[in-house]
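Here's the structure we're looking at; comments come further down.
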Amino acid sequence: MCLNLTTMNDTQLYAEIFELPIPWHVTHIELNKDEEEILVFIDADLEGFQWKCPKCQKPCPIYDHRQPRRWRYFDTCQYKTYIVAKLPRIHCTEHNVQTVSVAWSEPNSRFTSRFEAFAISVLYAT
Ligand SMILES: [Zn+2]
C-alpha cells in the first residue's frame, strides 16, 4: 500500500506509521528542537470502547488515568521520537485496579515493542 503524503497532515502520518489500534489516535505532535525530540501525543476515544482487564480479559469500567508516560520509538531523522499517552486504569472485580495493556509496548517498558525488537537484533548482530 502506498499513501499520498501530500494529502496527509502530521497527525495522520504518525497514526499510519505507528499503526495505532482502536481506540487510539494521535492528538498532536511537538517538535522540541533543543532536545532533538519529537513527541507524538496519543489519546483514546473513550466513548463506546470496552476496556478489558489485562489479567482476565473481562470487560471493565475505567477507574482513572495514569500520569502521561512516554515510549521510545524509532528516530525521525535525527530526532528521538516518543509516543506519549495517559493510560487508563480499569477496575476489575477480581483483580482490582489495573493499567490497561497496549499494543505498542510490553507492560512497564519505556520502549515500543518495535524499538525493543530492533535494539535486540542490533545487540545480537554485534
Ligand atoms: Zn481481571
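List of remarks:
- Filtering the stretch 71-104 to residues that are in a loop (DSSP other than H, G, I, E, B) and in contact with a His (Cβ under 8 Å, 6 or more places away or on another chain) leaves Lys86, Leu87.
- Qualifying residue in the stretch 58-69 (condition: farther than 19 Å from Ser105 by Cβ and among the β-branched types (Val, Ile, Thr)): yes
- Scanning the stretch 1-38 for residues that are open to solvent by 70 Å² or more (accessible area, probe 1.4 Å), within 18 Å of Ser113 (Cα to Cα) and not in a helix (DSSP H, G or I) yields Glu19, Ile22.
- Within the stretch 39-67, tally of residues that are under 14 Å from the mean Cα position of the chain (by Cα) and assigned to a strand (DSSP E or B): 6
- Identity of the residue in the stretch 90-125, at pLDDT 90 or above and crowded, with 16+ Cβ neighbours inside 10 Å, that ends up nearest to Asp10 (Cα to Cα): Val102
- Restricting the stretch 63-100 to residues that are among the charged types (D, E, K, R) and within 16 Å of the ligand (Cβ to nearest atom) leaves a set whose member that is nearest to Ala117 (Cα to Cα) is Arg89.
The values are calculated or read from the model by the stated rules, or taken from the named source; none is laboratory data. Predicted, not measured: the structure shown is a model, and the values here were computed from it. Neighbour counts run over all protein chains shown; Cβ positions are idealised from the backbone, glycine included. Heavy atoms of the whole protein, side chains included, go into the accessibility calculation; ligands, DNA and RNA do not. Shrake-Rupley method; radii C 1.70, N 1.55, O 1.52, S 1.80 Å.
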